[in-house]
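Everything below concerns the one structure shown next.
The values are calculated or read from the model by the stated rules, or taken from the named source; none is laboratory data. In this text, all values refer to a predicted model and were calculated from it rather than measured experimentally. Reconstructed Cβ throughout: ideal geometry from the backbone, glycine too, with neighbour counts over all protein chains shown.
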Amino acid sequence: MQMSKVLPVLFGFFIMGFVDIVGAATHAISDALGLSSFMAGLLPNFIFIWFLICAVPAGLMIRRFGRKNMVQVSNIVTLVGMLIPLPMLLGVMDLNLGVYLATFALLGIGNTIIQVALNPLLTNVVNKDRQPTFITFGQSVKAVSSLVGPLLITFCTTSLGHWDWTFVIYAGLTLLSMLWLGLTEIPREERATGKGVSFADTFALLKDSFLLRMFICIVIIVGIDVGMNCLIPEIFSKIYGYSQPQMFISIYFACRVISAFVCGMMLLKMSPRKVLLWTMVGAIAACVVMMLTLSSLPATIAPMVLFIVMFLPVTFATANVFSIVFSLSLAHLPQKTDQISSLLIMGVAGGGLMTLIMGFTDSVVGRLAILLVCMGYIFFVALSEARK
């Protein structure tokens, strides 16, 4: 294993983290355009719908063009998407919801492709026994990107005059990733031989009960993460009265960085199934405390601090369940890595589904209750797996 080949792949996880700007961006767009709660809840779907549409086709294209080439395709799509708001920044165009929707769409398409291709590409440069650990470390890099996003929005708003400069900065980082990966020689996976793989072959994997449970876990955990991402600025804006609630999303993502790193260390010593179980126990307990804090305690400093402290156990789930489930699924049928990857990434569409469901209630406690029910499902799956 050569770190010179691993590092540009891991940097790709930083680009992957751009999608987590959706919570802070939705809040900023909603405030600027005066959108309703329901309309604001629809915005993330312009990103996450593409995971449903493009994940399986991207997986099939990987078989023909290769994992590295598909990561580069995703970089190109993301780069174009990040440059779309530039005319608004230059004063050529007025603030326009359609521009943001187009940006979200290309971000979603690019992110779908990179998520399908990058995790398998990591297996090209990492020893098999270290793959769960490095996939988790990749999620740590993604979490750093997620942490930087809301801070970058605040910086661009206060120092550069408009938060849309965030997209331009993201465009520069995407170009850097594309050049670094392009200049790095990475061994290509073995070309598929024999009969080609169809859509039906890929979806047929869901007949495997283990993969079906893992797919549902992916749908749910991404929905929980995006739900928290969208809830946090609303809670700290409407309940605790902060005019710049993006800073609290950054605290949430800082907790994700810590959680992903700690979990990576734990996976060196513990079974992934046991880590999965205990992360869900902590997340469920934290979600209950959050609900009690909002429903039973006054909106003062001490309850607010308690609410923030609960970010850490929640992020042990949102930062790590995805990577653990992903690595367990790839190990289940290693000969179908690309198909399983595309199938699981299609489940990321659950992020948009969750915000849509949460948009039917204006109660933040009610929305947390929805997330709690979802956590319960993953807990029971984890309990079942831990007994094996």
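Quick notes
- A Cβ distance below 7 Å, combined with a sequence gap of six or more or placement on separate chains, defines the contacts here; from the stretch 277-306, residues that are on the phi > 0 side of the Ramachandran plot reach no residue that is in a helix (DSSP H, G or I) and surrounded by 16 or more Cβ atoms within 10 Å (Cβ to Cβ).
- The single condition among (1) of a type in the set (A, V, I, L, M, F, W, C); (2) touching a His at 6+ places or on another chain (Cβ under 8 Å); (3) free of Cβ contacts under 8 Å to residues at least 12 places away in the same chain that ILE340 does not meet is (3).
- Failed criterion for LEU306 (all others in (1) touching a Ser or Thr at 6+ places or on another chain (Cβ under 6 Å); (2) modelled with pLDDT under 90; (3) farther than 26 Å from PHE13 by Cβ; (4) not β-branched (Val, Ile, Thr) hold): (2)
- Of the residues in the stretch 48-60, not one is under 12 Å from PHE18 (Cα atoms), part of a helix (DSSP H, G or I) and not small (Gly, Ala, Ser).
- Within the stretch 339-361, the set of residues being touching an Asp or Glu at 6+ places or on another chain (Cβ under 8 Å) and either modelled with pLDDT under 80 or closer than 28 Å to LEU294 by Cα (or both) comprises just one member, GLY351.
- Residues within the stretch 81-116 that are under 17 Å from ILE21 (Cβ atoms) and free of Cβ contacts under 8 Å to residues at least 24 places away in the same chain, tallied: 2
- Restricting the stretch 258-290 to residues that are surrounded by 20 or more Cβ atoms within 10 Å (Cβ to Cβ) and closer than 25 Å to VAL364 by Cα, the residue that is nearest to the chain's Cα centre (by Cα): SER259
- The stretch 85-159 holds helices (runs of 4 or more DSSP H) entirely within its bounds, and those carrying 1 or more residues that are buried (at least 21 other Cβ atoms within 10 Å of the Cβ) and in contact with a helix residue (DSSP H, G or I) (Cβ under 8 Å, 6 or more places away or on another chain) map to 97-125, 131-159.
- Restricting LYS195, LYS238 to residues that are at negative phi, basic (Lys, Arg), in a helix (DSSP H, G or I) and at pLDDT below 90 narrows the list to LYS238.
- For the residues SER259, SER243, SER250, the requirement of being among the small types (Gly, Ala, Ser) and without any contact (Cβ under 8 Å) to a residue 40 or more places away in the chain singles out SER243.
- One residue from SER323, SER327, SER363 being among the polar types (S, T, N, Q), surrounded by fewer than 21 Cβ atoms within 10 Å (Cβ to Cβ) and closer than 22 Å to ARG256 by Cβ: SER327
- Single residue of the stretch 361-388 satisfying the filter (of a type outside the set (S, T, N, Q) and without any contact (Cβ under 8 Å) to a residue 40 or more places away in the chain) that is nearest to VAL314 (Cα to Cα): VAL373
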